[in-house]
Amino acid sequence: IKWMRLLAERGTNAVIICTSREAMNDASLETLKEVGKLKREDARELLTGLGCDQGCSQEELEGENLDELLGELGDVPLAISLAAPYLKFGVDRLLRDIRRAGVDVLHVPGLDVDSEDKNTSLARSFGLSYGTIAGTEAGGVFGVGWMFPAGFSPEDIEAVLPGFDVRHLMTLVSKSLLVRVNQNEYHMLAPLRRYSAHLFKQDPDAEVKTGRWLTWVEQQAKE
């Protein structure tokens with residue numbers, strides 16, 4: 001955002017086209033254009049094209065389950081792009097994995113996966129990204145990220161998850177579930193914190209982790 005402001009200020013005729021999960025909220029600099037769903041035939045063409053790029057044959061990408069898969073992805077370009085690399089495992093396998101990951105759970109944090117606004121892309125992205133790490137230690141790290149709304153360091157996570165592998169943080173960064181600010185600071189977008197908090201309620205060790213977090217809060221207050 002700082003770079004865009006600088007460029008806009010220095011070039012009076014500059015036009016910047018970008019995609020973003022949040023607006024700059026500066027009417028003097030930006031005009032928002034919302035991107036909705038694709039028509040089904042266009043979504044099918046995009047998915048099959050990306051699938052062929054992954055080495056899948058046209059035959060593997062045809063059949064009634066392809067439309068069911070596109071229905072799960074909401075015909076959203078971002079969701080389709082995120083799903084494409086997994087087509088090498090087959091349409092049926094990907095469809096089954098998405099359903100098993102419980103994408104519908106995104107209704108609970110208040111994200112309507114049937115909506116045509118930008119939250120559709122966000123909701124599908126969360127489900128697909130988290131689905132690849134659900135049940136893993138990296139998923140456990142994501143599940144406590146909501147506890148640190150102002151950002152956190154590896155040491156902060158260590159206080160809640162003793163002995164965790166710091167490499168899990170980079171796994172979350174690679175899934176766009178976490179933002180690395182610098183060597184020792186990580187942040188989670190507000191919608192992702194809501195999703196993280198929802199998942200935490202299902203954690204059987206939630207009480208233990210909450211106790212460790214409260215101890216961390218008390219220590220921060222003393223310092």
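The values are calculated or read from the model by the stated rules, or taken from the named source; none is laboratory data. Just so it is clear, the structure is predicted and the values come from calculations on it, not from any experiment. FYI the Cβ positions are ideal-geometry reconstructions off the backbone, even for glycines, and counts take in every protein chain you see. Surface areas here come from the heavy atoms of the whole protein model, side chains and all, with no ligands, DNA or RNA. Shrake-Rupley method; radii C 1.70, N 1.55, O 1.52, S 1.80 Å.
Structure above, values below:
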quantity: Filtered residues of region 5-25 (kept if open to solvent by less than 100 Å² (accessible area, probe 1.4 Å), modelled with pLDDT of 70 or more and within 25 Å of the chain's Cα centre (by Cα)); calculated: ILE16, CYS18
quantity: Subset of region 41-57 [modelled with pLDDT under 85 and crowded, with 18+ Cβ neighbours inside 10 Å]; calculated: GLY51, CYS56
quantity: Selection from region 156-211 of residues that are under 23 Å from GLY127 (Cβ atoms) and in contact with a Pro (Cβ under 6 Å, 6 or more places away or on another chain); calculated: ARG194, TYR195, HIS198
quantity: Filtered residue count, region 195-218, keeping only those that are touching a residue at least 12 places away in the same chain (Cβ under 8 Å) and small (Gly, Ala, Ser); calculated: 2
quantity: Every residue from region 148-193 that is among the acidic types (Asp, Glu) and assigned to a loop (DSSP other than H, G, I, E, B); calculated: ASP165
quantity: Subset of region 122-146 [modelled with pLDDT under 80 and surrounded by 23 or more Cβ atoms within 10 Å (Cβ to Cβ)]; calculated: ALA123, ARG124, PHE126, GLY127, LEU128
quantity: Failed item, numbered, when PRO149 is tested on (1) in contact (Cβ under 8 Å) with a residue 40 or more places away in the chain; (2) crowded, with 19+ Cβ neighbours inside 10 Å; (3) not hydrophobic (A, V, I, L, M, F, W, C); calculated: (2)
quantity: Residues (open to solvent by 40 Å² or more (accessible area, probe 1.4 Å), in a helix (DSSP H, G or I) and modelled with pLDDT under 90) located in region 194-218; calculated: ARG194
